[in-house]
Amino acid sequence: MNAITPMRWYTAWWNRLFFWIAHKRPATTAGLITLSLIHYARWVIIMPDQFPRFPDQPREDVKYAYMIFFSNFNGSWNQYVDSFSSAIPGGLDLFWFGSIKYPKSVPMLPFHRYITSNQIWTDYYYNAYPMASSNDVKSAKRVKDSLLSFIADSQNFNSDEFLQKYNRLLIDLQHDLSQMGPNPVVSLSASAVERNLSKEGVARRQLSD
Amino acid sequence: MSFEVTTGGVDLDDIQGSVVKAYGRYGLIVARYVFFHVEVPVAGRKFVEDILPLVTRGIPWNDPSFIPRVATNIGFTYEGLRHLDIPEVTLHGFPEAFSMGMKARREIIGDTGPSLFHRWDPVWNNRDDTTQHVHIMVTIDGKEEQDLESRYQEIRQILAANPGVSQLEGHRGADGDNLQYQPAAAILPSKDNLGYPGGKEHFGYSDGITTTFFEGCGEDKNLVIGGGKPTGGDPHSAAGWAPLATGEFILGHPDEAFEYPEAPGPPLFSRNGTFMAYRKLHQNVGSFNAYLNDEGGKFPDGKEALAAKFAGRWRNGAPLVSFPTEKSANEFIMELARLQKKVWADSASSEEKNRFAELSLQLVAFDYSGDTSGAKCPFGSHMRRTNPRSALEFGKRNAFDVPGALSNRRRILRRGLPYGRVVDPTRDDGDHGVIMLIANADLSRQFEFVQQQWMNYGNDFGLANDPDPLLGNHGTNEGRVGGGRMIIEGDVVTNKPPYFCNRIPTLVETRGGDYFFVPSLTCLRMIALGIIDPT
Amino acid sequence: MANKSGNAYALTVLCPIRNGVPPGAPPGGQSYTALLRNQLQTLHVNEESPMAKVPNNYLCRFWVLSDVPYQGKPAFREHLKSDYLVFSSNFYGELEPYLEGMWKALEAGIRAILEHCFGGETVTNAKSFIEYIKKCQVTTTFFFNGSTDEPLAQQLKNLYLKQELSKFAFENQGKSAPELQAAFREFVQRTQPANLSGPTWAAGAYHLDRVVE
């Protein structure tokens, strides 16, 4: 999900300050962390004079600053907008308060419409582990850490000791051992696009073809 | 039994009774679901007009004298509304889940593999023959079979008077029968069963224990405990619960996001209406019993405990999180049943009446804050998935704006009854299952979300791709073996290791259904008269 | 530095796309932007994605910013003079090694894309590529990392181990202590938990039967 919203450049300064504070105070992100469904989220404020420019390129002369929002999580924005709006409305407002005509994050429908009307289509997406949610990635680290410790500790166990300690390992990892696989269909349109593209006529290619 | 009720500004007289009431609780324990096709719009509208006087409203039945012997309600598919000449603008205002219809949503809700539509009852499977498409659902709920039959005959007469409407057959019954309607009936425990006195379903679980409670629903106000949304207060008392916003279930009222849910215009058309999914869910009784016997034989705490871990309640109805052992669950239910008998026979002392009220509360007044490791009630159990209460805070108080932030918008009203009868408990192919009716203001945000993210996936619970053990799609079974898995948590305190349940077969399969709009009484009148003007 | 969260880096790059159509294009020919979009939309995906070859690349996306959105009165209406290719990437480590790794794996493809962009002609080697990207980079104001910040190879190995240990636990339930211990030793030999170049999950894989490499 990518969205771009304009902001008055002087409000953008305040917004950047709030983001800086959020960055320094872990409590601000506590809600986001507990939500745990986000792989990555980022906000990028581009001041009017910060658009990259090369010699033969016309100079931009926009008056607004622009904030770009990128998010990656399992599921679709449509499905989870309710979760964000219900769980962390204050946080969302902090991030978007400076955007022009931003309705607050509650009620949900105007917020949802605002974001989706400013949404931009992703032309290409790559994820190194499309079958893993962010929960899975975090969980896998726990498995690896515990497994390596266990292997080191259990080198010289007799089999009874081994069984006992193995069971202990399983208890520690009981919420980390569910198996992964392809994710639920995010939206019928997305899966239709995927199917249509893979039908004859649109061959996939490498970058330099 | 009279009870106190506050309607909170909701005009229950305008809302259909099937939405706000689980009729089974009021003794209407048998039902027929009848489906019609409208070939001629004028006839369809006249049919609606003729049925209107029979349609049961949602007024509270807080006195036994208010309870009728039979109730009737009506709903329409998107195509049905189109065939009744509802204006195009109004039709376009419906959300896509409803306008596509349930069959087209199969990839989202997991009606694939064993639940794919080609195995559905013929009544739902006439894509190519447009004269057989389902347009209207009429539900008849009654105390006894004869109550159903006389109402059914009244409706048949209305049908006869309106030849542009036809009744659709094609409901599969026992022995391959082709029925004119779908029958359903509560399964009441046998007289000597000292279990929870409510209804059962075909796997043997007590069902229909919690009432989803919303502002203005017209139910006994004590039912908010356990049925509403968590406040963060003590869940064992009223302080822990508040009614859910009306708009989560009824259009035209504020919902949990402090706005009216999206609805087609004009406002008068949608107001007091709602959406209802009808799903015929076949139960693989033989596979369930076989799995329970086999795996239950290996599971350290035994077969009943395994069944409890799957569901989140013991089969006798006791919630697992409050009664973690079979012994405590049995003692609780036996005491409850004993007291109930006395209360109903009017032979209970006032102390016993109080004790009965207290124990009844324990069936529903709980949350999972005392079980953050899942040692008592697994994270992946059916009940904890379908209604997590405040568990999605994962023990971090005040992580979210409100404790139920991730679940308050995912609640549904469960209606409907079991159908069929188990003749041979070792077979899957008998006629037995449940007719699930699910009411909510937003199909995709509520029913479909729960179905896709919580029933057929496990990420929100930290369970990767694990589906719900009972309702999850575990793929097409090979014999009795399926692809389902569940890790039943052990106990950190007692060093009990987790138990790995493997090869769980698909236990529940979809055999038909669709999405219906259940209009208010006002809207029904407008549909009948053909006077909807969205301009 | 807001671009980083622990060891994870959030790179946001806006490459200005040349205006109009390439020289020598037929009348009514496709613009640089259209050509670029076509390229991007038909690239291989999942494990065959060119981006899978870039070391430590967790997740990335490309999209085209054609213009800024108008919010309606009283907001004013304004326009960008060029389109921008937006590249956003989350990866492990520092920027320069990442970009060097990308150049090494995808030089020809990068050149093909940058042909469409202003300043693209200055990119002839890794060093000039890094300079170019830095010029096009915009600072991430706030980066929330909900994942871990280990190297990609480690994350993939972790996922592999999670999946394999799960299968092991299911298959070996109820075995006697000696049997279990023996089975576990075999498991360790097969999966090589400490060896990142041993069996692991393939970057970008989306099917269970193709994920282990």
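Within this structure, C:PRO199 fails the test of being assigned to a loop (DSSP other than H, G, I, E, B), buried (at least 17 other Cβ atoms within 10 Å of the Cβ), free of Cβ contacts under 8 Å to residues at least 60 places away in the same chain and not assigned by TED's automatic domain parsing to the domain that holds C:LEU40. For the stretch C:44-60, does any single residue satisfy the condition of being in contact (Cβ under 8 Å) with a residue 60 or more places away in the chain, in the same structural domain as C:GLU100 (by TED's automatic domain parsing) and more than 30 Å from A:ASP136 (Cα to Cα)? Among the residues of the stretch C:44-60, not one is in contact (Cβ under 8 Å) with a residue 60 or more places away in the chain, in the same structural domain as C:GLU100 (by TED's automatic domain parsing) and more than 30 Å from A:ASP136 (Cα to Cα), which makes the answer no. Filtering A:TRP13, A:TRP9, A:TRP43 for residues that are within 9 Å of another protein chain (Cβ to nearest Cβ) and within 28 Å of C:SER82 (Cα to Cα) leaves a single hit, A:TRP43. Residues in the stretch A:167-180 that are within 27 Å of the chain's Cα centre (by Cα) and surrounded by fewer than 18 Cβ atoms within 10 Å (Cβ to Cβ): none. Pairing each residue of the stretch A:146-166 that is facing chain C (nearest Cβ under 8 Å) with any residue that is outside any helix (DSSP H, G or I) and surrounded by 14 or more Cβ atoms within 10 Å (Cβ to Cβ), provided the two are 6+ apart or on different chains, yields C-beta distances under 8 Å for A:LEU147/C:PRO193; A:LEU148/C:PRO193; A:ILE151/C:PRO193. Taking residues in the stretch B:136-165 that are closer than 17 Å to B:ILE435 by Cα, and partners anywhere that are part of a helix (DSSP H, G or I) and polar (S, T, N, Q), the pairs with Cβ atoms closer than 6 Å and at least 6 places apart or on different chains are B:THR139/B:SER18.
From the list B:VAL423, B:VAL402, the one residue that fits, being among the β-branched types (Val, Ile, Thr), within 14 Å of another protein chain (Cβ to nearest Cβ) and in contact (Cβ under 8 Å) with a residue 24 or more places away in the chain, is B:VAL402. Only one residue in C:ALA177, C:ALA205, C:ALA126 is more than 10 Å from chain A (Cβ to nearest Cβ) and in contact with an Asp or Glu (Cβ under 6 Å, 6 or more places away or on another chain), so which one is that? Step by step, each of C:ALA177, C:ALA205, C:ALA126 is checked, and only C:ALA126 is more than 10 Å from chain A (Cβ to nearest Cβ) and in contact with an Asp or Glu (Cβ under 6 Å, 6 or more places away or on another chain).
Could you list all residues from the stretch C:140-163 that are more than 18 Å from the chain's Cα centre (by Cα) and not in a helix (DSSP H, G or I)? Those that are more than 18 Å from the chain's Cα centre (by Cα) and not in a helix (DSSP H, G or I): C:THR141, C:PHE142.
Scan the stretch B:226-245 for residues that are under 19 Å from the mean Cα position of the chain (by Cα) and surrounded by fewer than 22 Cβ atoms within 10 Å (Cβ to Cβ) and the total you get is 1.
Name the one entry in B:LEU417, B:LEU413, B:LEU443, B:LEU359 that is surrounded by fewer than 19 Cβ atoms within 10 Å (Cβ to Cβ) and aliphatic (A, V, I, L, M). The match here is B:LEU359. Screening A:PHE111 on (1) over 26 Å from A:TYR166 (Cα atoms); (2) buried (at least 19 other Cβ atoms within 10 Å of the Cβ); (3) not assigned by TED's automatic domain parsing to the domain that holds A:MET47 shows it passes everything except condition (3).
Scanning the stretch A:3-43 for residues that are part of a strand (DSSP E or B) and over 26 Å from A:ALA132 (Cα atoms) yields A:ILE4, A:THR5, A:PRO6, A:MET7. Residues of the stretch B:151-177 that are farther than 17 Å from B:ILE74 by Cα and either outside any strand (DSSP E or B) or more than 25 Å from the chain's Cα centre (by Cα) (or both): B:ALA160, B:ALA161, B:PRO163, B:GLY164, B:GLU169, B:GLY170, B:GLY173, B:ALA174, B:ASP175, B:GLY176, B:ASP177. Residues in the stretch B:507-535 that are surrounded by fewer than 24 Cβ atoms within 10 Å (Cβ to Cβ) and polar (S, T, N, Q) were compared, and the one that is farthest from B:ALA43 (Cα to Cα) is B:THR535. In the set (1) at pLDDT 95 or above; (2) at the interface with chain B (Cβ under 10 Å from one of its Cβ atoms), the condition left unmet by A:ALA128 is number (2).
Filtered by the rule that a residue be of a type outside the set (A, V, I, L, M) and either touching a strand residue (DSSP E or B) at 6+ places or on another chain (Cβ under 9 Å) or more than 18 Å from A:MET131 (Cβ to Cβ) (or both), the stretch A:173-186 gives A:GLN174, A:HIS175, A:SER178, A:GLN179. Do we find that C:ALA2 is facing chain A (nearest Cβ under 7 Å) and over 24 Å from C:LEU106 (Cβ atoms) in this structure? The answer is yes for C:ALA2.
Identify the residue in the stretch C:60-88 that is surrounded by fewer than 23 Cβ atoms within 10 Å (Cβ to Cβ) and closer than 30 Å to C:ALA202 by Cβ and, among all such residues, is nearest to the chain's Cα centre (by Cα). Applying the filter and picking the extreme gives C:CYS60. Looking at (1) surrounded by fewer than 21 Cβ atoms within 10 Å (Cβ to Cβ); (2) of a type in the set (Ser, Thr, Tyr); (3) in contact with a helix residue (DSSP H, G or I) (Cβ under 7 Å, 6 or more places away or on another chain); (4) assigned by TED's automatic domain parsing to the domain that holds C:ALA10, which is the only condition C:TYR132 fails? Of (1) surrounded by fewer than 21 Cβ atoms within 10 Å (Cβ to Cβ); (2) of a type in the set (Ser, Thr, Tyr); (3) in contact with a helix residue (DSSP H, G or I) (Cβ under 7 Å, 6 or more places away or on another chain); (4) assigned by TED's automatic domain parsing to the domain that holds C:ALA10, only one is false for C:TYR132: (1).
Residues that are under 27 Å from B:PHE213 (Cβ atoms) and of a type outside the set (Phe, Trp, Tyr) number at least 2 in the following helices (runs of 4 or more DSSP H) confined to the stretch B:230-335: B:267-270, B:303-311. Taking the stretch C:8-116 as the region of interest, the strands (runs of 3 or more DSSP E) fully inside it that hold 3 or more residues being more than 7 Å from chain A (Cβ to nearest Cβ) are C:8-17, C:83-92. Among the residues of the stretch C:1-18, the ones that are modelled with pLDDT of 95 or more and under 21 Å from C:TYR132 (Cβ atoms) come to 10 in all.
The values are calculated or read from the model by the stated rules, or taken from the named source; none is laboratory data. On a predicted model such as this, the values are computed, not experimentally measured, just so you know. All Cβ positions, glycine included, derive from the backbone under ideal geometry; neighbour counts span all protein chains shown.
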